[in-house]
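Chemist: So that we are looking at the same thing, I have put the structure below in C-alpha cells.
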Amino acid sequence: MNIEIIDDFLENKDFQKLNEIYSQKIEKDEIKVFHNEIKDNQIIVNNGISEKILIELNQKYHEKALNILAKLCPEKLNLYEYSDFTLINTGSHYKFPIHDDTPNKLLSGVIYLNPKSNNGTFFYKDKNEKPSKIIEWKQNRAVFFSRVEKKTWHSYEGDLVSNRLALVYNLMTKNIRAVCEIEKKNYYSCMFRYKINPYLYRFFKITI
C-alpha cells in the first residue's frame, strides 16, 4: 500500500481553528463524528464545521488533495465528484475495527489535530495479522492513501489516556461501478459491503 505522509499539512491558523471549534468531552469508550460534504464550494452536508471554514478548507487544500490522488492512483482522478471533511472525536479507550474504507472514497486522508500525543493509524497487510506499518501521531500530520477493496486494511484507537481529535479529508465519488472496474473487483460484492457499512457503524457506537 502506498501511503503519503505530510507534516504541517494545514496552515497554522486553520489548524488552530479546527482545534477550537470542537472541544466537547466524551466518554472514554465513545466516538462522535461530525460529517461535512462540499462540491465546487457549495455545501452539501454541514455538521460541526461552519460554512465559512468549510469553504475556506476546500479552497485551500482541494488542489493539494487532487495532486496526492494523482500520485497515488491517477486512474481514479477523473471520478472525483465532491469532498468530505469530517471531524472525529474518539474516546481514550475507543477502538475502531480494522477496515478498508468504502469504495466511494477515492482518496482517504486524516489530519491529526489534538492532543499532542496519541495513537496514530495502524495499517495491515491482512485483516487477521498484526500491523505491518504504524504511522505515529504528530499534530498537523496528514496521512493519505487510495483505498483498494480488501487490501488497504487499517484501524485506529485511543491511547487509554486522552481523547483523540482528527480531521478526515476524503475525495469522493458516486460512481462505484467505475471504481470496481479500476480495482478489478466484483461490483455486486463491493456494493453489498458498501450498503451494510452504516449498520456496522451503528454497532460500533458511532454518534453522528
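Chemist: May I ask you to derive the relative contact order of the chain, considering only C-alpha pairs under 8 Å and at least 6 residues apart, and to give it as an integer percent?
Modeler: It rounds to 29 percent for the chain.
Chemist: Say the dipole of the stretch 4-207 comes from +1 at the beta carbon of Lys and Arg and -1 at that of Asp and Glu; which of N89, I135, H154 then lies farthest toward its positive end?
Modeler: In the stretch 4-207, that residue is H154.
Chemist: While we're on this one: Per-residue HN-Hα couplings for the stretch 159-165, Karplus 6.51 cos²θ - 1.76 cosθ + 1.60 at θ = phi - 60°, whole Hz, x for Gly and Pro?
Modeler: So the J values, rounded to whole Hz, are 9, 6, 10, 10, 4, 10, 9.
Chemist: A further question on this structure: I need the calculated FRET efficiency for the pair D29 and K130, taking r as the beta carbon distance and R₀ as 35 Å, to the nearest 0.05.
Modeler: So, using R0 = 35 Å, E works out to roughly 0.95.
Chemist: Grab the Cα-Cα distance for K116 and S155, subtract it from 0.36 nm times how many residues apart they are, and report the gain in nm with one decimal. Please list the in-between numbers first.
Modeler: Values: separation 39, 0.36 × 39 = 14.04 nm, distance 1.97 nm.
Here the segment from K116 to S155 would lengthen by 12.1 nm.
Chemist: Let me ask another. Considering only Cα-Cα distances, which of the following residue pairs are longer than 25 Å: K13/K116; K13/K52; K71/K138; K133/K174; K32/K116?
Modeler: Values: K13/K116 17 Å; K13/K52 14 Å; K71/K138 23 Å; K133/K174 30 Å; K32/K116 20 Å.
K133/K174, as the Cα separations exceed 25 Å there.
Chemist: Which of Y187, Y61 has the fewest other C-beta atoms within 10 Å, and how do the rest follow up to the most?
Modeler: On the way: Y187 14, Y61 21.
Listed from fewest to most nearby Cβ atoms, that is Y187, Y61.
Chemist: Quick one: if the Förster radius is 22 Å, what FRET efficiency do N12 and E75 give, using the C-beta to C-beta distance and rounding to 0.05?
Modeler: Working: r = 35 Å, r/R0 = 1.57.
E between N12 and E75, to the nearest 0.05, is 0.05.
Chemist: Let me ask another. Among the aspartates and glutamates, select those whose C-alpha is under 15 Å from the C-alpha of K127, and discard any that sit fewer than 8 residues away in the same chain.
Modeler: Qualifying aspartates and glutamates at Cα under 15 Å: D100, D101, E149.
Chemist: Once the Cβ-Cβ distance between Y194 and N67 is put in as r, and R0 is 25 Å, what FRET efficiency do you end up with, to the nearest 0.05?
Modeler: Working: r = 27 Å, r/R0 = 1.07.
Efficiency computed from Cβ-Cβ geometry: 0.40.
FYI, it's all coordinate maths here, none of it is from the lab. Being a predicted model, the structure only gives us computed values, none of them experimental. A quick note on method: Cβ atoms are made from the backbone with ideal geometry, for glycine too, and the neighbour counts reach across all protein chains shown.
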